[in-house]
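Remarks on the structure that follows.
Only the coordinates and a few stated rules stand behind these numbers; no lab work does. Here the structure is a predicted model, which means the values were calculated and not measured. Heads up, the Cβs are rebuilt from the backbone with ideal geometry, glycines too, and the neighbour counts pull from every protein chain shown.
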Amino acid sequence: MKALSRIADFFYPRLRCPVCLTFHEGLCITCRASFFSYDQRILSESESGISMYRHQESAKILISNYKKKMIFSAGDLMGTLLTEKLSAEEERFDFITFAPSSKSSLKKLGFDHGAYLAKRIGHRLHIPVRALFRPSDKEQKVLERDERCENAKKIALLSEHMDALKGKRMLLVDDVYTTGSTVTACLALMKKHGIEGKYITFSRI
Ligand SMILES: [Zn+2]
C-alpha cells in the first residue's frame, strides 16, 4: 500500500496541496487563505513593476517547496497565480524573460527555476520567452544587502546583440523581491538596449 501511494505521489503530485503537502487536490482552503497581497495594483498602474504577495506564510512555503524541495506542482501553482494576475492586465508584452539564476543553484537543482516559471506563464499567455541574462557566479540570497547590490552590478547579458529586441516590451519574472537590486539591474540593462521592461515578482520581503 505504501509503495502504491509512493507511485501515486510520483505520477499525481497534484493530489497534494503544494503548500502544506497534505492530501488535497490542489491548493487547500487553509493555505489559500494565508496568501497576503503585497501590491493591489496592476502592472499598467506601476512605472517599473509589481510584486504579488508578501513573502510570508503560504507564499514563502510555496517558493521553498518549489526551489528547495523541487516540488514542481508548487512551481506550477506559482505560474498559475502569476498568469491569473497578468491576465487581468491591459498591458501587452512582446516577450517574457526571467532573472538570472546562480551557477550553484542551477547545478544544485538541475534546472533553471526562473526559466521554468517564465515558460509556464508564456505558454498560458501565448507570449514567447527569451533568456536574456547570464547565470551569476554568486547566489543573491546568501549575500548581505551591500553585497547583493555589488553582485547585481555584475549581471550580464547572454549576448550583446540585442537589436532584434529594441523597442520591444518585455516582462521580467522573478520569484522573490528582496532588496530590488536584481530587478533594478536587469531592467537597467534592458533599458540600455532599448527594451521597454517591467517586472513582476511572486513575493516581496
Ligand atoms: Zn495546504
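Exposure proxy ranking for Thr178, Thr201, based on other Cβ atoms within 10 angstrom of each Cβ and starting from the fewest, stands as Thr178, Thr201. Once backbone amide H atoms are built at 1.01 Å from N, His24 has Arg16, Cys17 as its partners under 5 Å, excluding neighbours fewer than 5 places away on the same chain. Overall dimensions of the chain, expressed as equivalent-ellipsoid semi-axes from the Cα gyration tensor (√(5λ), whole Å, largest first), are 29, 19, 17.
Helical content alone sets the calculated 222 nm signal of the chain at -12000 deg cm²/dmol, taking -39,500 (n - 2.57) per DSSP H segment of four or more residues and averaging over every residue. The Cα atoms of region 106-145 define a convex hull whose projected area, averaged across directions, is 3.8 nm². Checking the a/c ratio against 1.5 first, then a/b against b/c, what shape does the Cα gyration tensor give for region 109-172? Verdict is oblate for region 109-172. Against the empirical 2.2 N^0.38 Å (N residues), region 61-171 has a Cα radius of gyration ratio of 1.13.
Build a GNM of the chain with springs between Cα atoms under 10 Å apart, and of Thr22, Thr83, Thr184 the one that fluctuates most is Thr22. Length available on full extension from Glu47 to Asp94: 0.36 nm per residue minus the Cα-Cα distance, which gives 15.2 nm. Between Ser159 and Lys69, residue separation times 0.36 nm minus the direct Cα-Cα distance comes to 29.2 nm. The orientation-averaged shadow of the Cα convex hull for region 136-175, equal to a quarter of the hull surface, comes to 3.9 nm².
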